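Written out below as structure tokens is the structure these notes cover.
The numbers here are math on the coordinates, done by the rules we state, and not lab data. Because the structure is predicted, anything quoted here is derived from the model rather than measured. Reconstructed Cβ throughout: ideal geometry from the backbone, glycine too, with neighbour counts over all protein chains shown.
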């Protein structure tokens, strides 16, 4: 390079190093990395310079290039740009090029591993690593393969979208090239499932070892445990496949005896049952076919299990027909009130259109319908529709062929007769006290007549639809339906749905609808509203477009007049409110038809509604709402009547608000978005009704996401939203100390903040990040309690939304520290909001609770993602005296149990041991709740193989005979006893080996003769009894009886 090139390179590097890379977009990183690569490549020492800069920045904020000292503003992001520049070197990724030195490739892989940080910008670097491994995985050193595999496990912990995918891909690359001595570690099933590696990748390894009966038994126990956990059940299914290479007789001998007791006492609502359905039944049936079903049928497992196996058989392409056992099984299911639906599912399952329903199926289906005493659930309707759909398609296929065999004609006759019988049965139900049930079946027949089929296979739509009904059938049915609706005052939902389809044959029209409304407007109830909706649905579907337009204009004019008469001074007129509800019920049905109404009409009616609803929302916050009612020109004064009318009035007001909000949602394309956003925000801030508040938040998100066709209008709208956000955040500083609303968790401004942040679709997410920084700024300074609690609620809402996970990730460490700090506040309002935030953080980073002290991730995994949290946590727990902030830190520890990993990180092990020692000190020095929390935190960091040591340490603490020593070492012996109890509770759940139990008894009896025998025996026996109760383990029970017997002696 000449001097000009050197100066140009140095100038370029200096400029890039001063960039504010934190605001870079994907394209910015790409362009910068290309520029950087082009300059570095000119030096002819690209890899050497890359290696030098990255290693130098590990310890300092500058590097020297060509004699110039260049300072870096953001070390981490600049290193990412350097690493991303690698992808532009075509020689590295060219499969034919062999000039690249292997040591350079290995150095790059090592640099990527060392530069890792949980950050969304790291994903392109992982993509580069994936490309490198695809080409060089078979030639890099085994040690580096192992390091890369461990790295893949580490990045799998990051919750950012994309990390899990690359973790699995990288693990898959490396697994075949790891030394066998390390691969053997995977055969320790206690480590399964491995993070970052699909268990399916390990099936070949486990299958080779399944000829060992002891190993197979341990594998079955592991599968049973994984099936009980919804987070591991899928991996348990893969593991179960590994033992499916044995003969069926071996399966009956080695596997079935362990599943049978679980199936006999199965909880049909639990996760284990779901695992049986999703994995155990399909995998076993796929391997052993009908031998499996025939064997299970003869056992005493629940009828539901047998039915589920039959359902799986029916859905397989290998199904050839029913055996006598299957027919008996189906009949038992349909006649059983609990399992009728399962029987219907089996009957309705057909995997191809050429499968002809047999006579047994037709009879059983008819039996199901004839024995049904009430209307069907939605799921039942779906499967009845599926059965009739398949039968109709089969029938049409048979009719369309030229086959005139007697058998074919007989089947056509059989199917046609069957369908006519079902149709007549449904028609008769309309007049036999079960009209809703009959209407459900008639609705299905209508769909079939229109060519709407509900089947899971592909079919050819045929024009000669056999389900078309003649004109007289519709006329006859319409008369029956009209009479039913009139008698029921339009309160039949399913009958209304069918009437909607045949509305052209009915006599209801707009005049009838308006007359019905005027007659029933004084009957103030939600039932009346539902009746008007049902009638409106029929009339609007029958009307022409012009008729619906005229009806809309007429109703809107009346609605505007009533809106102006809604109040009499400061009094609500309930009759007018209810009539407005009914009018909007009809208007909403017309709007759903998507007819072309002049947008000015929409804007006009919404403009009339906004001031009325705003005023109503403010009044509704008052507890004395019933004193503001006026019915028939008389103000209500009677106290008893006031109390009775209050509940109804609130429901009517809520229905009114909901109708207005639904109307706005349906007409968002035609209204002024700024006025709507302001209106919705005012409802959220002032309404005392839960549903209108949550609905307003949903509509606010939709309104905030809307865009105009005009650029200037969009810019103006964005500026308006930012001003609104600024106003909302400023209101946080003025939140009143006393809560004004009676909703359990005051929505205040958090729903508005959340809605406007979610609607931010910009690549930078500038709105969201600005809001988050403002909230953190408020929480970092001294403010009144109400301001702090409201801000905490806003932060909790934002970090709980999984659609914002990636965008809020960078703020999480600071949120953790603020959460810890805020627990020192004495105000219960602040503490309560802070507890909700802590719960959200725990569920986001530890996972959902799946059992006692059992979450998918632990504090160890949190430190893996955010290593910088360990020091402030340790400092908080080291204070003397401890403050309440220590409780929330220990809560983060005690919420989940640490489990040993195949490859433990040395730095994390050091952190873990430091906290273990610290918790022992807290236990010794604190006899209050701090000591109790420290006990739980200590136990949460224990692992199974350390149980003997933990027990030894526990008994060393409890020297009953040397009570003075105990008092000298511990302020309160009860905390130490609590420690022992917690340890034993942990042992109960963590260990399942006789070795640890034997050690426990040996240690108590031989090593600690100085410990009071009666106390020890009580602890040991309680430990054994609790474990026996929890696991129903026969081996434990026998052991317990032996110890009990010896104890009596």
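One table, with the values for the structure above:
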read-out	value
Contour excess over end-to-end distance, with Cα ends at residue 560 and residue 456 and 0.36 nm allotted per residue	32.5 nm
Computed lengthening from residue 518 to residue 264, 0.36 nm per intervening residue step minus Cα-Cα distance	85.3 nm
Over the range 3-184, relative contact order from alpha-carbon pairs under 8 Å, at least 6 apart, %	18 percent
Order of 64, 795 under a 10 Å beta carbon neighbour criterion, fewest first	64, 795
Listed peptides 682-689, 811-818, 197-204 by packing density, highest first (mean Cβ within 10 Å)	682-689, 811-818, 197-204
FRET efficiency, 1/(1 + (r/R0)^6) with R0 35 Å, evaluated for residue 398 and residue 487 via beta carbons	0.25
Förster radius 22 Å - calculated FRET efficiency between residue 920 and residue 879, Cβ distance, rounded to 0.05	0.85
Label zone at residue 417, where the point sits 7 Å out along the Cα-to-Cβ direction: the range 354-396 residues whose backbone N lies under 17 Å	357-367, 395
Theoretical FRET efficiency, 1/(1+(r/R0)^6), r = Cβ-Cβ of residue 331 and residue 248, R0 22 Å, to 0.05	0.20
Rough spin-label spacing in nm, given labels placed 7 Å along Cα→Cβ, for residue 715 and residue 929	5.6 nm
Neighbour-count order for 246, 506, fewest beta carbons within 10 angstrom listed first	246, 506
Additional length obtainable on full extension of the chain from residue 668 to residue 139, 0.36 nm per residue less Cα span	184.4 nm
Label-point separation, residue 600 to residue 782 (7 Å along Cα→Cβ), nm	6.0 nm
Separation of the residue 373 and residue 58 label points, Cα + 7 Å toward Cβ, nm	7.7 nm
140, 561 arranged by Cβ crowding within 10 Å, fewest neighbours leading	561, 140
